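Right, one structure below, let's go through it.
The values are calculated or read from the model by the stated rules, or taken from the named source; none is laboratory data. Just so it is clear, the structure is predicted and the values come from calculations on it, not from any experiment. Cβ placement follows ideal geometry from the backbone for every residue including glycine, while neighbour counts extend to all protein chains displayed. Quick note on the areas: whole protein, heavy atoms, side chains included, nothing else; ligands and nucleic acids left out. Shrake-Rupley method; radii C 1.70, N 1.55, O 1.52, S 1.80 Å.
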Amino acid sequence: MAKTTITVDGRAHEVAATPDTPLLYVLREELSLNGPKFGCGLAQCGTCTVLVDGRAVRSCVTPVSAVKGAVRTLDGLAAGGKPHPVQAAFIAEEAAQCGYCANGWIMSSIAMLEKNPKATDAQIREQLSGLKCRCGTHMAILRAVRRAAAQMA
Amino acid sequence: MKMNRRKFLKSSGSLVVGVSASGAIQSLIAGDALAQGVSFPDPSPERLDTWVSVARDGQVTAFFGKVDMGLGLETAIAQIVAEELDMPVDRVSIVAGDTLLTANQGGASASSGIRAGAIPLRNAAAEARRVLALAGAERLGVAANAVGTANGEVFVLADPSKRIGYGQILDGKPLGTNVKWNKEMGTPLNVTGEAKPKSVADYKVVGQPVARRDIPAKMLGTTDYLTNVRLPGMLHARILRPPVGAAVPVSFDAASIASIAGARVVHKKDLLAVVAEREWDAVRAARMLKVEWTNPEMNWPGTEGVYDHIRSAPAVASNGESAFAGKRVYDETPTYKALAGAARVLTADYECPFQSHARIAPSVGVADVKPGSAVIYADTQKPHFVRLGIAKLLELPADKVRVMWKPGAGSYGRSDADEAPFEAAVLSRELGRPVRVQWTRNEGTAWDPKAPAAVISMKAGLNDKGGIDGWYMRSKGFSGWDVKFTADSPEQTLVGMQLGYKKWDMHNFDVPTETYQFANTVRFWQTVAPLQEKASPMRCAHLRAPQEVQTRFAQECFIDEVAMATGRDPLALRLAACKEPREIDVLKAVTEKAGWNAADTRPRTAKGDVVTGRGLALYNGYGSYAALVVEVEVNRRTGHVWARKVTVAQDSGLVINPASIKAVIEGNVVQGLSRAMCEEVTFDQKTVTSVDWNTYPILDMKDAPEQVDMVVLNRTDKASGGAGEPTLVSITAAVANAIHNATGVRMRRYPFTAARVRAALSA
Ligand code: FES
Ligand code: FES
């Protein structure tokens with residue numbers, strides 16, 4: 001089977017996967033990561049989101065062979081056990097019920113806030129549009145992102 | 001070999017369990033090494049140690065036979081146990097939903113986690129405190145009445161410096177006491193000891209906004225989710241679904257997937273699955289496999305035809321008829337008489353769509369079936385019942401099956417969560433290896449059990465003074481019980497029916513709890529035959545506030561319609577018609593908070609593209625009372641409706657954790673708005689066409705309210721009611737009432753999609 005090298009959370013990995021294998025399956029199955037999760041496989045929900053060179057990418061529809069940049073995942077965020085400010089804000093606001101969707105919101109918020117830490121409420125709603133939370137924790141998520149923005153700005 | 005709890009715990013040299021103290025519990029939780037023919041007996045509710053256990057280091061573990069679907073239940077239970085034991089809450093761990101470790105408390109159901117599920121734990125913890133105090137007094141060499149308990153220790157009242165910790169008292173031994181069990185299983189299960197639980201006035205931990213303990217791990221990516229279960233040698237499976245609802249597989253072409261190394265097909269009666277060593281290979285095999293399906297004649301009425309279908313289809317059951325032993329429980333004659341004699345009769349039909357749980361992630365199940373025993377991993381709400389169902393399917397005694405509950409995608413009733421674990425069990429038995437079944441998005445939306453579509457007919461007989469002399473409510477729809485709320489037998493699942501188990505034949509809809517008291521009232525339901533008898537994607541089952549979203553939509557809209565027709569303020573009419581003081585209190589609280597103005601309840605006359613309005617609705621159920629005021633913005637050009645501000649007043653009795661209940665109410669508001677504005681399972685003559693998030697949209701972040709205000713009435717004198725559903729039930733009606741206030745247009749069918757509202761506005 002074809003070998004591909006990808007850099008995930010600062011480490012290079014040589015993985016055995018057919019080139020069309022979506023990044024999500026490689027991260028979960030080959031690297032045993034738990035942050036990115038399967039929700040739809042159709043780029044419609046965001047539970048599989050990772051950052052590639054700082055951009056939020058839906059790993060369920062991204063063939064591993066197309067990944068050229070450095071991948072960051074939820075699993076790698078808490079450097080030295082210290083949660084990323086966005087994670088800390090989501091914890092402080094208890095912005096989850098089941099929490100299955102949290103990966104998508106956190107990773108997408110990081111991508112947004114790293115570019116635009118002063119995001120307004122309208123921009124937050126606009127840029128996080130399309131991500132899904134079935135449990136309906138939208139209000140707490142908005143509070144968490146605003147809190148993170150205040151901390152990162 | 002008998003691998004019960006006691007033995008497992010003993011094997012680590014003590015009966016002590018606790019997160020920090022015991023590798024045994026970790027090993028149990030991890031479900032290590034399944035040997036052939038292992039037994040998994042039920043823990044006895046009569047042993048105090050079944051409920052509470054104290055480790056050497058004083059850490060307490062409570063064993064909860066329900067599960068936390070993300071509403072903060074685990075934290076609330078820890079608070080209750082800590083309270084009774086006089087412990088710091090962070091020294092209480094909870095083990096939930098594992099059938100080997102917890103008694104069958106019925107699983108997550110009907111917002112019963114606190115109002116029923118907490119009761120035996122509260123009693124057991126109180127009893128454990130009594131036993132510990134007694135043993136502690138002996139160790140301290142004083143009389144039993146000379147000690148107190150605090151901070152996980154027993155101390156001498158006269159000299160608090162003399163004290164001993166719970167862990168030290170037991171030193172790894174069990175509590176060893178029995179409690180009285182009421183011989184019930186499931187939600188009514190209760191136990192009592194000699195000790196009386198504390199009175200509310202003495203609470204220190206209960207009622208505090210304790211941080212939810214499940215949250216940090218969820219954000220850090222370290223939660224032990226079901227989707228993360230990876231067993232050695234585990235195969236990945238996908239199920240093949242037919243292109244037409246009732247079609248079944250005839251044959252398949254193995255050569256079509258020959259290029260995928262290791263991919264195989266399992267075809268057993270109507271079940272068709274592919275398995276592979278790697279997950280992506282299973283996905284590809286499912287896409288590539290060529291299958292010949294039967295081509296049955298299909299004549300579903302389709303999304304637009306379904307309401308006429310319901311109106312004209314014969315009723316097959318009603319409350320009072322076949323569902324409940326032939327006894328008629330209602331009599332509509334007095335109502336008909338009153339309507340016939342009325343000065344004026346108002347009538348309205350309300351149309352309610354099929355809705356899907358559409359969980360954020362579709363069903364997953366992992367099964368490891370060995371000859372004579374099985375371990376199942378599932379995120380079902382009812383692990384103890386799934387155990388019974390899978391045991392029957394595998395033809396094993398129940399004590400040979402263990403279901404290990406893991407947190408998963410949020411679930412709001414009898415969702416698809418119960419399906420994949422059964423399929424995994426069948427495939428694992430066939431293949432002799434652990435199998436993981438992952439459903440697709442399509443299956444999670446289209447093949448998930450649905451909330452039933454219905455037409456609710458309302459009539460009110462008015463006298464010449466506008467008084468109400470007759471009230472008629474008929475709910476006619478598909479049965480909400482095509483499959484049962486517990487998968488305790490194979491026919492309650494798709495795979496069970498595919499393998500030949502005959503569909504459950506039960507009928508149920510809903511009659512709302514009595515709220516408004518009018519003379520000559522009749523409320524009843526009728527069900528019509530299912531669209532497809534066997535293994536149907538359109539089968540119905542419990543979805544959050546089962547059938548009540550439908551009936552309350554009708555009732556709470558119609559009361560507004562009557563208010564409009566008789567020139568009354570909808571609030572005043574409700575207050576006059578309610579007899580329950582707790583209903584009156586939430587109505588008053590919500591309207592005061594929202595600034596309700598009796599003079600501003602007729603349709604507003606504002607011009608322009610964007611107009612605003614507000615609506616009121618009430619709900620009573622699950623031992624709770626909720627009233628809502630929703631303020632909407634309606635774009636008259638596009639038809640788009642935004643619920644900009646929602647105000648809630650809720651009385652759920654005694655509040656265990658004020659922070660959690662607020663979060664639960666907010667979640668109810670958003671999910672309720674989603675069901676009101678967006679959600680409708682669409683289908684044509686032969687198949688479900690809601691197959692993903694584009695064809696089954698839910699409320700987007702852009703449409704989240706700007707503001708959710710709430711008044712939580714903490715009734716320390718009332719038992720805790722359920723909080724998981726009440727706020728959601730009537731929100732659809734509140735939105736419809738608000739749209740009417742904004743535009744003068746009455747929406748009698750939900751969801752209020754932009755297209756539907758636009759059409760209504762231009763009609
Ligand atoms: S799983 Fe990738 S977007 Fe849904
Ligand atoms: S918290 Fe359950 S889907 Fe978002």
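Restricting segment B:357-412 to residues that are in a strand (DSSP E or B) and over 24 Å from B:GLU279 (Cβ atoms) leaves a set whose member that is farthest from the chain's Cα centre (by Cα) is B:SER373.
In this structure, is B:GLY466 away from chain A (no Cβ under 14 Å), on the phi > 0 side of the Ramachandran plot and either out of contact with any Pro (no Cβ under 7 Å at 6 or more places or on another chain) or outside any helix (DSSP H, G or I) (or both)? Judged against the criteria, B:GLY466 is a match. Within the set A:ALA43, A:ALA78, A:ALA70, the sole residue that is in contact (Cβ under 8 Å) with a residue 24 or more places away in the chain and under 15 Å from the mean Cα position of the chain (by Cα) turns out to be A:ALA70.
A single entry from A:MET139, A:MET107 fulfils the requirement of being free of Cβ contacts under 8 Å to residues at least 12 places away in the same chain and within 16 Å of ligand 2 (Cβ to nearest atom): A:MET139. Screening B:ALA719 with (1) closer than 18 Å to B:PRO751 by Cβ; (2) open to solvent by 40 Å² or more (accessible area, probe 1.4 Å); (3) in contact (Cβ under 8 Å) with a residue 60 or more places away in the chain gives one miss only, at (1). In a residue-by-residue description of segment A:73-88, the property of being within 16 Å of ligand 2 (Cβ to nearest atom) and over 27 Å from B:TYR412 (Cα atoms) applies to at least one position.
Being more than 16 Å from ligand 1 (Cβ to nearest atom), assigned to a helix (DSSP H, G or I) and at pLDDT 95 or above: is that true of A:ILE91 here? For A:ILE91, the condition - more than 16 Å from ligand 1 (Cβ to nearest atom), assigned to a helix (DSSP H, G or I) and at pLDDT 95 or above - is met.
Condition check ((1) charged (D, E, K, R); (2) away from chain A (no Cβ under 14 Å)) across all residues:
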position	(1), (2)
B:ASP416	yes, no
B:PRO421	no, yes
B:ALA424	no, yes
B:THR440	no, no
B:GLY444	no, no
B:VAL455	no, yes
B:TRP471	no, yes
B:GLY477	no, yes
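When segment B:431-446 is examined, which residues are found to be away from ligand 1 (no atom under 16 Å from the Cβ) and either of a type in the set (Asp, Glu) or part of a strand (DSSP E or B) (or both)? Passing the criteria: B:VAL435, B:ARG436, B:VAL437. Restricting attention to segment A:74-85, the residues that are in a helix (DSSP H, G or I), out of contact with any strand residue (DSSP E or B) (no Cβ under 9 Å at 6 or more places or on another chain) and within 9 Å of chain B (Cβ to nearest Cβ) add up to 0. Of the numbered criteria (1) open to solvent by less than 30 Å² (accessible area, probe 1.4 Å); (2) under 30 Å from B:PRO658 (Cα atoms); (3) over 30 Å from the mean Cα position of the chain (by Cα); (4) modelled with pLDDT under 90, the one B:GLY72 fails is (3).
Taking A:GLY10 as the residue in question, decide whether it is within 16 Å of ligand 2 (Cβ to nearest atom) and either closer than 27 Å to B:ALA217 by Cβ or open to solvent by less than 30 Å² (accessible area, probe 1.4 Å) (or both). So A:GLY10 does not fit the description; no. Scanning segment A:105-136 for residues that are open to solvent by less than 10 Å² (accessible area, probe 1.4 Å), within 22 Å of B:LEU673 (Cβ to Cβ) and away from ligand 1 (no atom under 16 Å from the Cβ) returns A:ILE124, A:GLY136. Within segment A:21-34, the set of residues being acidic (Asp, Glu) and within 8 Å of chain B (Cβ to nearest Cβ) comprises just one member, A:GLU29.
Residues of segment B:579-611 being assigned to a helix (DSSP H, G or I), within 36 Å of the chain's Cα centre (by Cα) and loosely packed, with under 12 Cβ neighbours inside 10 Å, which ones? Once the filter is applied, which keeps residues that are assigned to a helix (DSSP H, G or I), within 36 Å of the chain's Cα centre (by Cα) and loosely packed, with under 12 Cβ neighbours inside 10 Å, segment B:579-611 yields only B:PRO581. Does A:GLY54 qualify as being under 24 Å from A:GLY10 (Cα atoms), in contact with a helix residue (DSSP H, G or I) (Cβ under 7 Å, 6 or more places away or on another chain) and more than 9 Å from chain B (Cβ to nearest Cβ)? Yes, satisfied.
Inclusion of B:LEU427 among residues that are assigned to a helix (DSSP H, G or I) and over 28 Å from B:GLU679 (Cβ atoms) is warranted.
Residue check: B:TRP439 meets all listed conditions (1) open to solvent by 10 Å² or more (accessible area, probe 1.4 Å); (2) touching a Pro at 6+ places or on another chain (Cβ under 7 Å) but one, namely (1).
Table: residues versus (1) away from ligand 2 (no atom under 16 Å from the Cβ); (2) of a type in the set (Gly, Ala, Ser); (3) open to solvent by less than 10 Å² (accessible area, probe 1.4 Å).
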{"position": "B:LYS392", "(1), (2), (3)": "yes, no, no"}
{"position": "B:ALA398", "(1), (2), (3)": "yes, yes, no"}
{"position": "B:VAL403", "(1), (2), (3)": "yes, no, yes"}
{"position": "B:ALA409", "(1), (2), (3)": "no, yes, yes"}
{"position": "B:ASP418", "(1), (2), (3)": "yes, no, yes"}
{"position": "B:PRO421", "(1), (2), (3)": "yes, no, yes"}
{"position": "B:ALA424", "(1), (2), (3)": "yes, yes, yes"}
{"position": "B:GLY432", "(1), (2), (3)": "yes, yes, no"}
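Taken over segment B:641-670, the residue count meeting the criterion of being in contact with a Lys or Arg (Cβ under 7 Å, 6 or more places away or on another chain) and either within 12 Å of chain A (Cβ to nearest Cβ) or open to solvent by 10 Å² or more (accessible area, probe 1.4 Å) (or both) is 2.
Among the residues making up segment A:13-40, those that are under 20 Å from A:GLY104 (Cα atoms), more than 8 Å from ligand 1 (Cβ to nearest atom) and outside any loop (DSSP other than H, G, I, E, B) are A:PRO22, A:LEU23, A:TYR25, A:VAL26, A:LEU27, A:ARG28, A:GLU29. For segment A:137-153, filtered to residues that are more than 7 Å from every other protein chain (Cβ to nearest Cβ) and surrounded by fewer than 23 Cβ atoms within 10 Å (Cβ to Cβ), the residue that is farthest from B:ILE360 (Cα to Cα) is A:ALA153. Only residues that are open to solvent by 10 Å² or more (accessible area, probe 1.4 Å) and assigned to a loop (DSSP other than H, G, I, E, B) were counted in segment A:41-73, giving 10.
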